[in-house]
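Read through the structure below, which is laid out as structure tokens, and then see the notes.
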Amino acid sequence: NVGKANITAEGNLVVRQGIQGKDEAKIVCGGDMYAKFVERANIRVEGDIVVTEAILHSDVSCKKRIFCQGGRRSQIGGGRVRAFQEINAKFLGTEAYAETILEVGIDPDAEDKLSTLLAQRDSIKKQLPDINKQLTNYSMLLASGPLPPDKEEIYNDLVAKQKELKDILQ
């Protein structure tokens, strides 16, 4: 059995019984992963995931296929399960209406990176108008004469920050 543990495996990972992560287990596997059940765990696998009984309330990402078959229940219920090629289970969802999100056809790592980049873009788009407004104010002061050294330093910092944000946005 695996409890609240952090496991990193370069190759395959075989868990004879199951994984009960209590929302704190983090498992990263470079090959295939085999287990009887997975409950409340965070799992990232490069190969296939084969679980016989159940995947419950977990965040599971797989670069290939997820199979939940061969057991009495063979159920995926609750949590978020993502695979690039296939998700295969006997039962999907739960009778208790726990939110179960299944995603197939998108590389989980690419999707995570895209989400990060979109959040970064939105943050920059919120910062730029404020910087542009401040630069306009300083430009009007600059038009009436040279700026004091402290304000000139702030102005130069704002110009550099604006250029940096526009480069990142590009």
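General remarks:
- Within this structure, Glu86 fails the test of being in contact with a His (Cβ under 9 Å, 6 or more places away or on another chain), closer than 20 Å to Glu103 by Cα and charged (D, E, K, R).
- On inspection, Thr136 fails the criterion of being of a type in the set (Ser, Thr, Tyr) and in contact with a Leu (Cβ under 7 Å, 6 or more places away or on another chain).
- When Ile124, Ile87, Ile76 are checked against the criterion of being closer than 30 Å to Asp167 by Cβ and either touching a residue at least 60 places away in the same chain (Cβ under 8 Å) or in contact with a Leu (Cβ under 6 Å, 6 or more places away or on another chain) (or both), a single residue qualifies: Ile124.
- Residue match in the range 112-119 (condition: in a helix (DSSP H, G or I), without any contact (Cβ under 8 Å) to a residue 60 or more places away in the chain and of a type in the set (Asp, Glu)): yes
- For the range 10-25, the candidate set comprises residues that are of a type in the set (Gly, Ala, Ser) and in contact (Cβ under 8 Å) with a residue 24 or more places away in the chain; within that set, the residue that is farthest from Asn42 (Cα to Cα) is Gly18.
- Here the strands (runs of 3 or more DSSP E) wholly within the range 1-102 that include at least 3 residues being open to solvent by less than 80 Å² (accessible area, probe 1.4 Å) are 18-29, 33-45, 49-62, 65-68, 75-83, 86-89.
- Taken across the range 21-41, residues that are under 19 Å from the mean Cα position of the chain (by Cα) and closer than 30 Å to Ile168 by Cβ do occur, with at least one present.
The values are calculated or read from the model by the stated rules, or taken from the named source; none is laboratory data. Quick caveat, the model's predicted, so the values are computed rather than measured. Ideal geometry is used to build each Cβ from the backbone, glycine not excepted, and the neighbour counts take in all protein chains shown. With ligands, DNA and RNA removed, areas are computed over all heavy atoms of the protein, side chains included. Shrake-Rupley method; radii C 1.70, N 1.55, O 1.52, S 1.80 Å.
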